[in-house]
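Visitor: Encoded as C-alpha cells, here's the structure I'll be asking about.
The values are calculated or read from the model by the stated rules, or taken from the named source; none is laboratory data. Quantities reported herein were computed from a predicted structural model and do not represent experimental measurements. Backbone-built Cβ (ideal geometry, glycine too); neighbour counts: all protein chains shown.
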Amino acid sequence: MGEIKIGNGGNLGRGGNWMSQFLITTNVLIVALVLGAITLFGSVEKSLKYLSGNRVFLDSASKSVGHLGQAETKVVTFKISNSSGKRMEIVGAKLSCTCLVTDELPLTIGPKSSKNFNIRIDPKGKAGSLKETVILFTSLDSDRTVPLEVVGDVSPPSLDVGGSGH
C-alpha cells in the first residue's frame, strides 16, 4: 500500500519545526506575562496573590526597628494598599505584646488607594531579640486578616553597681 501524507508533514511556515515554533511562542508569552505582572503589581509574587483573590498588599510584611534600648521608643511604618474596587476599613488589631501601640483605628483606605499605618514599639521590660506580630482585621471579604511583623533587638538595662567610684 502507498503512503498517505496529510498537510505539509507537520511543518509550519518555510520548513520550520512546528514544535520549536510553539515553544518559542510559549516562552515569549511567559516573558510578556511576567513583565506585565511586575509592571502592574511590582512583583510576580504580588500578581499571583492578586490572581488568588488577595486585594490588600503591604510594602513589606516584616519591618525591623534595628537595635534599641529599653528607654527608647521607635515607630515603624507599613504602607497598606487596597487594590479592590471597594472602600476598606481596618477595624481592629490583635497585638502579640503590650509593647506595641498602633495608629488609631478604624482606618479607612479608599478603593485603589494606599495609606501608611504606624506601629510604635516601647520595649520597657524586654531584652534580647524582639519578634512581635500584629494582625489587622479588615472589612474586605477577600482579606479578613492581614499579618504584620516587627523585629529588632533590645538592649538589657545597664546596671550601675557601686556608683562611679569617685
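Visitor: Does region 130-138 contain any residue that is modelled with pLDDT under 95 and either within 17 Å of the chain's Cα centre (by Cα) or under 23 Å from GLU45 (Cβ atoms) (or both)?
Guide: Looking through region 130-138, none of the residues is modelled with pLDDT under 95 and either within 17 Å of the chain's Cα centre (by Cα) or under 23 Å from GLU45 (Cβ atoms) (or both).
Visitor: Filter region 58-76 down to residues that are assigned to a strand (DSSP E or B) and exposed (fewer than 13 other Cβ atoms within 10 Å of the Cβ), then give me how many there are.
Guide: Residues in region 58-76 being assigned to a strand (DSSP E or B) and exposed (fewer than 13 other Cβ atoms within 10 Å of the Cβ): 3 in total.
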